[in-house]
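The values are calculated or read from the model by the stated rules, or taken from the named source; none is laboratory data. Treat the numbers as computed from the prediction; the structure is a model and nothing was measured. Here Cβ is always computed from backbone atoms with ideal geometry, including for glycine, and neighbour counts include all displayed protein chains. Areas reflect the complete protein model, heavy atoms only, side chains present, ligands, DNA and RNA absent. Shrake-Rupley method; radii C 1.70, N 1.55, O 1.52, S 1.80 Å.
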Amino acid sequence: MSTAHGSVAAVDLGASGGRVMLGHVGEHELRLETVARFENEPVRTPDGLHWNILELYRRLREGVAEAAIRAPGLLSVGIDSWAVDYGLLRAGTLLGVPYHYRDSRTADGVRDVHAVAGPEELYRHNGLQHLPFNTLFQLAADRRTGLLDVADRVLLLPDLLAYWLTGVQVAERTNASTTGLLDPGGAWNQALMEQLDLDRSLFPTLVSPGDTIGETDAHDEHRIRVTAAGSHDTASAVAAVPAAEESFAYISCGTWSLVGVELDEPVLSEESRAAGFTNELGVDGRIRYLHNVTGLWLLSESVAHWRRSDPTVELSTLLAQAADVPPGRVPVFDTDDERFLPPGDMPTRIAAWLSERDLPVPGTRAEFVRCILESLADAYARTITTAEKLTGRSVPVVHVVGGGSRNTLLCRLTAERTGRPVIAGPVEATATGNVLVQARAAGLIHGGLDELRSLVRRTQNLKTHLPS
């Protein structure tokens, strides 16, 4: 470890909100300071659901400028966000407003891609779990409208924002691995691009976490380095998992729950594909072998629905009431059912799923909350057990990071259903991983993931939940 101390800024964009956080880092210090928080509200237009990317850019620039004021000599800025979505450009100009991955247009794209390369062949190419909104399916949908024919560049959203900051177009590798267009080794898969009739020139040079992208003038005359973080938010979150063990399971728990293990090599078996596991790249070339579980989206959409008719609904009150619901009182449902992907009346959809199977429907809001959390914990347990079978690795402990680590009931239910200790925290795992990668690139800390995770263990507030 170095004796240097310094500060970097992490721009962390999630599907429901964004933040800019200062990371103050030294040999025995890892401290995060919130500079700005802002909503991320998608916008529906006649042609579909879009991200308000210009507002996000405005807010992140304001946040970076404030970070530079609070931390004179700010060393760098790094951006992470959700995966798969992108902007199309021509001659450096954005063509239209980037689509939201929950937009329904992707169904036609799936059919078009599968007519050329079926699910089994795609998995051999890219090792990705089939999700109907993966980037290659969205690109096929854009081809149908003719928009792709006009574009000369595809930039994933964190890369687009970094381009606007620096003028440099790159593709950060961890996020690029979610497009379906990288091979499992981390290079653009030119053979698959040719098969799908995608021009290789659409996709920029790949960079890795820690690489310098360029500089920005986001604050006065002070030029600030823009460093590639693990720009897929899960890659940053997993880098911040405070694991002391060589083998562990992680749950990056937010709008989505990314449940998996960390490997040195991908698993590309047919059994892996059929089980819905994905091989995505992590920091330092690790493989994030995981399954995407619909996460706290189920809870947030339910609360949003109830608040439309009753503005007094409070999640904290519902969680306290849900903790008092007797064990076994509510059934579990399949959180991966595609009916739960779009926004809307989630309780009615859950009730319909249960009724179709002659299972009891929760009678109160608290019971619905308990049903959602029991179902998530059940999905986590099944996913971890499957990961053990597919990889041949035994997992003695589960790390829950991200916003869901604050949900004591969910962590307790996960410990009970997995039969393993659950270590919860850090809450701001994505921003923490983003900061760690930048700090190492700036020479504030040294070492591999083991050393970075050791610093997290020594400095962050963690809580252990034991199975009963």
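Residues that are touching a residue at least 60 places away in the same chain (Cβ under 8 Å), out of contact with any Cys (no Cβ under 8 Å at 6 or more places or on another chain) and among the aromatic types (Phe, Trp, Tyr): does region 38-51 have at least one?
Within region 38-51, one or more residues are touching a residue at least 60 places away in the same chain (Cβ under 8 Å), out of contact with any Cys (no Cβ under 8 Å at 6 or more places or on another chain) and among the aromatic types (Phe, Trp, Tyr).
Give just the number: which of (1) modelled with pLDDT of 95 or more; (2) in a helix (DSSP H, G or I); (3) of a type outside the set (Ser, Thr, Tyr) does residue 78 not satisfy?
(2)
Evaluate the following for residue 133: is it open to solvent by less than 10 Å² (accessible area, probe 1.4 Å), in contact with a helix residue (DSSP H, G or I) (Cβ under 7 Å, 6 or more places away or on another chain) and among the aromatic types (Phe, Trp, Tyr)?
no
Among the candidates 312, 335, single out the residue that is of a type in the set (Val, Ile, Thr), under 23 Å from residue 85 (Cα atoms) and either out of contact with any helix residue (DSSP H, G or I) (no Cβ under 6 Å at 6 or more places or on another chain) or open to solvent by less than 50 Å² (accessible area, probe 1.4 Å) (or both).
335
What do you reckon, is residue 159 in contact with a strand residue (DSSP E or B) (Cβ under 6 Å, 6 or more places away or on another chain) and open to solvent by 50 Å² or more (accessible area, probe 1.4 Å)?
Spelling it out, it is not the case that residue 159 is in contact with a strand residue (DSSP E or B) (Cβ under 6 Å, 6 or more places away or on another chain) and open to solvent by 50 Å² or more (accessible area, probe 1.4 Å).
Quick check: is even one residue across region 194-213 more than 19 Å from residue 126 (Cβ to Cβ), open to solvent by 10 Å² or more (accessible area, probe 1.4 Å) and either aromatic (Phe, Trp, Tyr) or assigned to a helix (DSSP H, G or I) (or both)?
Within region 194-213, one or more residues are more than 19 Å from residue 126 (Cβ to Cβ), open to solvent by 10 Å² or more (accessible area, probe 1.4 Å) and either aromatic (Phe, Trp, Tyr) or assigned to a helix (DSSP H, G or I) (or both).
So residue 10 fits all but one of (1) open to solvent by 10 Å² or more (accessible area, probe 1.4 Å); (2) within 18 Å of the chain's Cα centre (by Cα); what number is the exception?
Of everything listed in (1) open to solvent by 10 Å² or more (accessible area, probe 1.4 Å); (2) within 18 Å of the chain's Cα centre (by Cα), residue 10 misses just condition (1).
Any idea which of 36, 67, 115 is closer than 30 Å to residue 451 by Cβ and not in a strand (DSSP E or B)?
The conditions single out 67.
Each row is one residue, and each column tells you yes or no for (1) among the acidic types (Asp, Glu); (2) closer than 25 Å to residue 129 by Cβ.
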{"residue": "295", "(1), (2)": "no, yes"}
{"residue": "301", "(1), (2)": "yes, yes"}
{"residue": "309", "(1), (2)": "no, no"}
{"residue": "316", "(1), (2)": "no, no"}
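Would you mention how many residues in region 333-367 are within 27 Å of the chain's Cα centre (by Cα), more than 22 Å from residue 406 (Cα to Cα) and part of a loop (DSSP other than H, G, I, E, B)?
9
Does residue 319 satisfy being farther than 25 Å from residue 42 by Cβ, in contact (Cβ under 8 Å) with a residue 24 or more places away in the chain, touching a Leu at 6+ places or on another chain (Cβ under 8 Å) and not in a loop (DSSP other than H, G, I, E, B)?
yes
Say we look at region 39-64 and pick out the residues that are in contact with an Asp or Glu (Cβ under 7 Å, 6 or more places away or on another chain) and assigned to a strand (DSSP E or B); which of these is farthest from residue 177 (Cα to Cα)?
In the first step, residues of region 39-64 are kept if they are in contact with an Asp or Glu (Cβ under 7 Å, 6 or more places away or on another chain); the result is 48-49, 51-52.
Imposing the further condition that a residue be assigned to a strand (DSSP E or B) reduces the set to 48-49.
Numbers: 48: 26, 49: 24 Å.
Here the answer is 48.
Can you tell which of 145, 179, 174 is open to solvent by less than 10 Å² (accessible area, probe 1.4 Å) and within 22 Å of residue 117 (Cα to Cα)?
Details: 145 fails: open to solvent by less than 10 Å² (accessible area, probe 1.4 Å); 174 fails: within 22 Å of residue 117 (Cα to Cα).
Residue meeting the stated conditions: 179.
So which residues in region 379-396 are assigned to a loop (DSSP other than H, G, I, E, B), open to solvent by 10 Å² or more (accessible area, probe 1.4 Å) and not charged (D, E, K, R), if there are any at all?
Across region 379-396, the qualifying residues are 392, 394, 396.
Of a type in the set (Asp, Glu) and surrounded by 16 or more Cβ atoms within 10 Å (Cβ to Cβ): does that describe residue 271?
no
Write out, first by first residue and then by second, each pair whose Cβ atoms fall under 7 Å of each other, whose residues are 6+ apart or on separate chains, and whose first residue, in region 420-445, is farther than 26 Å from residue 212 by Cβ and of a type outside the set (Ser, Thr, Tyr) while the second is in a helix (DSSP H, G or I) and open to solvent by 10 Å² or more (accessible area, probe 1.4 Å).
Correct list of pairs: 424/405; 425/405; 427/403; 427/405; 427/406.
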